[in-house]
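Have a look at the structure below, then the notes.
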Amino acid sequence: MDLKHIITLASDGVRLPFTVMERSLRKVGCDLPLRVIPFDENIFNLPVNAEWWVLPEVREWVGRSQASPRARGVMHKYQTLLTGEYLFVDSDVVFLRDPREVFSPNKGFVTCCGHWHDSDHTCTAETKATMVDFTTVWQSGVFNSGQYACDRPLYDFPKLREMAESKKYRAACMESQFHEQPGMNALVFGSGIQVTNLTLPPRRLESSWAGDYRDSDYERYWSKTSRMPCFIHWAGRKPNGRLPIDELFQRNLRDGEIQKWADQCRPAKRHGFDRVKRWLMRYYRRRSS
C-alpha cells in the first residue's frame, strides 16, 4: 500500500485533540498531506500541509438522511470509500510510529483494532445477519470506523448511494441515531474487499485502544517494535488522566493548552474537574523541569 494521504474528521469542537493528533503525526516523521473532512460547519484554520476536504455531492446526500445530526456528522466518513491510498484516523489518536512503516507492507482494506473480540459494536441485527449468511468467521472482518486504511476506491458515488440506500443496509447506513460504525462496516463488507486486521495473525500487533492498557508499565507491551501499534486511539473515552497511558496525549500539549484541555474534560461534579486539572498541572511541571 502506497499511502498518499492521512484523512481525519474534525470541527472546532475537537480542535485540541486534532492538534495533538497532527503534532504526533509530524513527530514520528510522517510528512504526508492531511485531508480533513468537516464534521459540521464549524471549521478552523488548519496547519501547514493540511486542507479541508469536501465532496459536495456526498455532503448534500448525507444531509438529507434520516440520521440524527451527530450521526450525519460522522457519516461524512463515507466519502473515504470513494478514494484510495490513504489512512483514516479519528482526531483522538496519538501516533507512535510512522504509518507508512505499518501499513505499506499490506494491501486491500487494513485496520489494526480489536473489534473482532467486541463485534456487537460494529453491526446491527440486520447487517450481522448478512455477514453471518456469508461466512462463519465474520468477526475477523469487522473494524473500528475510527481507524482504517485502503489502497483503492471501494465505490463510485452512484454505487455508494445505491448500496447505502438498499433495503438490507439502509437502516444502518442512512437512519442511525447514534453513529456511523455499523454503516461503515456494512459498506466495506458489501464491497467484497478482503479486510486485514493487523492485530490478528500473522502480524499480531498489540492493541491500538487506550482502554486495553490499564497500568503504568504499558510500554512493556511494545518491547518489540514489530509489535508496537501505529497509534493509540481513545475511542469511547477522553485522555483525561484516569489511565497512565493518557500521558501520551498530554506530551503533545503546549503552554496555554493545559487549562483548555482541563476545561474540556470538566465532568459534572466540580471535584472531578479539580482532579483532572491538578493531574494536568503536575504533568506539565514534570515535563518542564
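The values are calculated or read from the model by the stated rules, or taken from the named source; none is laboratory data. As the structure is a prediction and not an experimental result, all values here were calculated from the model. Positions of Cβ are backbone-derived with ideal geometry, glycine not excepted, and every protein chain shown enters the neighbour counts. Protein only, heavy atoms only, side chains kept; ligands, DNA and RNA dropped before computing areas. Shrake-Rupley method; radii C 1.70, N 1.55, O 1.52, S 1.80 Å.
At-a-glance table
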{"quantity": "For segment 1-42, size of Cβ-based charge dipole, Lys and Arg +1, Asp and Glu -1, in debye", "calculated": "220 debye"}
{"quantity": "Simple Cβ-charge dipole of segment 1-72, Lys/Arg +1 and Asp/Glu -1, about Cα centre, in debye nearest 20", "calculated": "200 debye"}
{"quantity": "Heavy-atom accessible area order for E101, E247, E180, largest first, 1.4 Å probe", "calculated": "E101, E247, E180"}
{"quantity": "Nearest-20 debye value, segment 173-221 charge dipole, Cβ charges on Lys, Arg, Asp, Glu", "calculated": "220 debye"}
{"quantity": "Where the chain is the region considered: accessible area per residue in Å², 1.4 Å probe", "calculated": "47 Å²"}
{"quantity": "Trypsin sites (Lys or Arg not before Pro) restricted to DSSP loop in segment 37-86 with at most 15 other C-beta within 10 Å", "calculated": "R64"}
{"quantity": "Accessible-area ranking of T80, T136, largest first, probe 1.4 Å", "calculated": "T136, T80"}
{"quantity": "Fraction of accessible area attributable to carbon and sulfur, segment 1-132 (%, probe 1.4 Å)", "calculated": "50 percent"}
{"quantity": "Cβ-based charge dipole, the chain, positive-most Cα from Y148, L96, G63", "calculated": "L96"}
{"quantity": "Nonlocal amide H pairs with I7, under 5 Å, H built at 1.01 Å", "calculated": "R35, L87, F88, V89"}
{"quantity": "Whether segment 124-188 is rounded, prolate or oblate, judged on the alpha carbon gyration tensor where a/c under 1.5 counts as rounded", "calculated": "rounded"}
{"quantity": "Alpha-carbon centroids, segment 33-53 and segment 115-156: separation in whole Å", "calculated": "28 Å"}
{"quantity": "Two-site label geometry, E101 and K224: point separation in nm, points 7 Å out along Cα→Cβ", "calculated": "1.6 nm"}
{"quantity": "Where E22, E51, E85 fall by accessible area, highest first, once all protein chains stay in place (1.4 Å)", "calculated": "E51, E85, E22"}
{"quantity": "Förster radius 35 Å - calculated FRET efficiency between L82 and A129 (Cβ-Cβ, nearest 0.05)", "calculated": "0.85"}
